[in-house]
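Worksheet: one structure, shown below.
What follows is calculated from the coordinates using simple rules that are stated; it is not laboratory data. Predicted model only: the values in this text are computed from it and were never measured. Please note: Cβ atoms are built from the backbone with ideal geometry, for glycine as well, and neighbour counts cover all protein chains shown.
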């Protein structure tokens, strides 16, 4: 019974790891909303059944789950295309957002010259830019990436700027007391200090990137979940529409929690990331 | 040993925009012997902290000049002769005590971490934290964090240590321990220490010279030479001379109250 013994010691020691404890806490926070979700699905199913709603108008959960299984290859291919767009677009947004923030904080004249324009740009309804980007760059990857960046870079830039400026004044003075350069202060103090703020911005940006990808596909694409939703709507294939929609939502959820995971892993190296999580 | 005498003449400091300027310091002259322990004692808002930074060459005064070892104070900063200990520890939360202790030295000298380690370890030993090098700041108590902050300054082996109310946030018991430890460090290293505080007993216990400051504008009201013997331990508190210096300081700080 050595294995049973081993297993018991394993489970007994599990809560001691902070990761295990956090997972338990997360689980106990999450299960009520999962229950509500399942409950809503059941009510939905019954309501469509009882009121005899046509499946052209509103598909039952069981119908679009069936559609998902039936057309899984089509859906998975489309999901992969969209995932790629989102990830590339998101990474590009992080690069653009971070570079812009660092430049704005590092050079005062840039803050005066560019920052107001960046803020002003937020007034432009960026969804409306999608057709223009399609016109310029065609149906390929480029217009999707561009739209995602335009939508998603702003929260990253804004958070990063706040983070870079949130430096302990005593630390700044210390750096000055040894005659360090502004670049040294930026790389050694400001950049690591801003990490929690950057992550807060990235969490917002990843969900915006999902929106950007789907909107860009609506405007013109040959593949992807957004394209599939539109295609299904022209075919009056409501179950497929709902299946694709569910998949997009699921994709957003997975990516969002992927960000949390990345944050969790980075916390080993930079323990201060945790402190700003609630902010 | 280099003669790092600090001499400051006609130091004045004004803050704010033209028209609504505030005079923080007015025409101060100070001379500080190398290797002495000098305290700026005063109420909040008297500009003692500003004066400390000016004397250490970190802040440029509006008028007057500070010479350290006969050269402009900024040159001493460039030659890493100034070690600052701010009011709060201001440690990098993602670095261990040893990494924090070596950080300023690395920047000042351009050394790699591995090359800065021996100096940082010696400094941690000096502040009594030889065993805590691997700890992260959030694992340290307030007193320990401030010790790391002192070690961070000592690791550069500067001629002059600037300490800006370093024990202000600590509880009374820890504070007494830190004061005794600081007196030992001062005796062992022979550094010039410029110390800022609003605690009378702390000032008298630690210093050779106490400059008592007044407000509006910030100025030195009187300079007390503390003639207590060295080395000093807690027994100094019972010395009648100690009480005399303390009473005189109190009188100077609250001129309207008769003691």
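Annotations for the structure displayed:
- Normalised by residue count, the range B:89-157 yields a Cα convex hull volume of 71 Å³ per residue.
- Inter-site label distance for residue A:223 and residue B:225 at 7 Å from Cα along Cβ, in nm: 8.9 nm
- Residue A:69/residue A:266 FRET efficiency (R0 51 Å; Cβ-Cβ; nearest 0.05): 0.85
- Sorted fewest first by neighbouring Cβ atoms within 10 angstrom, A:126, A:165 come out as A:165, A:126.
- For the protein assembly as shown, the calculated P(r), taken from all Cα-Cα distances in 10 Å bins from zero up to the bin holding the longest distance, is 3, 14, 19, 18, 14, 12, 9, 6, 3, 1 percent.
- Exposure proxy ranking, count of Cβ atoms within 10 Å, fewest first, for B:17, A:268: B:17, A:268
- Inter-centroid distance (Cα atoms) of the range A:206-250 relative to the range B:193-259, Å: 76 Å
- Largest first, the three principal axis extents of the alpha carbons in the range A:56-276 are 71, 39, 24 Å in whole numbers.
- Beta bridges from DSSP with both residues in chain B: antiparallel share about 50 percent, rounded to the nearest 5.
- Highest GNM mean-square fluctuation among B:248, B:78, B:147, for chain B modelled with Cα contacts below 10 Å: B:78.
- For chain B, a Kirkwood radius taken over Cα pairs fed into Stokes-Einstein (20 °C, viscosity 1.002 mPa s) yields D = 114 µm²/s.
- In plain terms, the chain from residue B:237 to residue B:29 could stretch by 71.8 nm, reckoned as 0.36 nm per residue minus the Cα-Cα distance.
- Beta bridges from DSSP with both residues in the protein assembly as shown: antiparallel share about 50 percent, rounded to the nearest 5.
- When only Cα pairs below 8 angstrom with a gap of at least 6 residues are kept, the range B:89-157 shows a relative contact order of 48 percent.
- Helix A:61-70 and the long axis of chain A differ in direction by around 80°, with both axes built from C-alpha atoms.
- Distance from the Cα centroid of the range A:136-183 to that of the range B:52-101 is 29 Å (rounded to whole angstrom).
- Fully extended contour minus Cα-Cα distance, from residue A:21 to residue A:166, at 0.36 nm per residue: 49.1 nm
- Residue A:119-residue A:135 pseudo-label distance in nm [points 7 Å out on the Cα-to-Cβ vector]: 3.0 nm
- Between 0 and 90°, nearest 10: helix A:72-106 axis offset from chain A longest Cα axis: 20 degrees
- Relative contact order of chain A, pairs being alpha-carbon contacts under 8 Å that are 6 or more residues apart, as %: 23 percent
- Residue exposure proxy: B:102, B:20, B:96, ordered by other Cβ atoms within 10 angstrom of their Cβ from fewest to most, comes out as B:20, B:96, B:102.
- Efficiency of FRET from Cβ geometry, residue A:40 and residue B:172, R₀ 45 Å, rounded to 0.05: 0.15
- In degrees, nearest ten, helix A:18-50 long axis to first principal axis of chain A (Cα): 30 degrees
- Peptide A:162-175 - average C-beta neighbours from other chains (10 Å radius): 4
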